[in-house]
């Protein structure tokens, strides 16, 4: 066997159909693309939300509201919930690290404490934000507060 004599098996290869090379080729004229119009032209791409001339859904539906890009999203805990969590998970310090370890928040989540409910236990808090009512209730119960940046 010699490398220069190697050929594909008989019937394995086919001649490429040459479009738009005259009427005699059988694929001339419109090159199998129908008649005139954008879709028959080279480089045609349908617009993403095109619905065949019908008013697209993103134009049929009204616009409502907006999304504030400066919004800070907190995971909120009320004082009533905190007492329950301290008992359930035996938390010594209420901090994002302890909450993450117990699977209550994600690792990058910010924590805010609100003053709804009562706090019975004396505990240290390390949180990102706290309401004035919650701060007063924690200090009254003998707890400490540290605001994280």
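Annotations for the structure displayed:
- Single unsatisfied condition, residue 60 versus (1) at pLDDT 95 or above; (2) touching a helix residue (DSSP H, G or I) at 6+ places or on another chain (Cβ under 9 Å): (2)
- Where a residue in the stretch 8-30 is free of Cβ contacts under 8 Å to residues at least 40 places away in the same chain and its partner, wherever it lies, is surrounded by 12 or more Cβ atoms within 10 Å (Cβ to Cβ) and part of a helix (DSSP H, G or I), with Cβ under 9 Å and at least six apart: 17/25; 18/25; 19/25; 30/40
- Enumeration of residues in the stretch 83-116 that are assigned to a helix (DSSP H, G or I) and under 13 Å from residue 129 (Cβ atoms): 96
- Selection within the stretch 51-75: residues that are in contact (Cβ under 8 Å) with a residue 12 or more places away in the chain and part of a loop (DSSP other than H, G, I, E, B). The member of this set that is nearest to the chain's Cα centre (by Cα) is 73.
- Residue 139 vs. criteria in contact with a strand residue (DSSP E or B) (Cβ under 9 Å, 6 or more places away or on another chain), exposed (fewer than 14 other Cβ atoms within 10 Å of the Cβ) and over 14 Å from residue 75 (Cβ atoms): yes
- Only listed residue being surrounded by fewer than 17 Cβ atoms within 10 Å (Cβ to Cβ), more than 17 Å from residue 76 (Cβ to Cβ) and touching a strand residue (DSSP E or B) at 6+ places or on another chain (Cβ under 6 Å), chosen from 93, 97: 93
- Set 103, 34: member being closer than 30 Å to residue 120 by Cα, surrounded by fewer than 10 Cβ atoms within 10 Å (Cβ to Cβ) and free of Cβ contacts under 8 Å to residues at least 40 places away in the same chain: 103
The values are calculated or read from the model by the stated rules, or taken from the named source; none is laboratory data. These numbers come from a predicted model, not from an experiment. Using ideal geometry, Cβ is built from the backbone for each residue, glycine included, and neighbour counts are taken over all protein chains shown.
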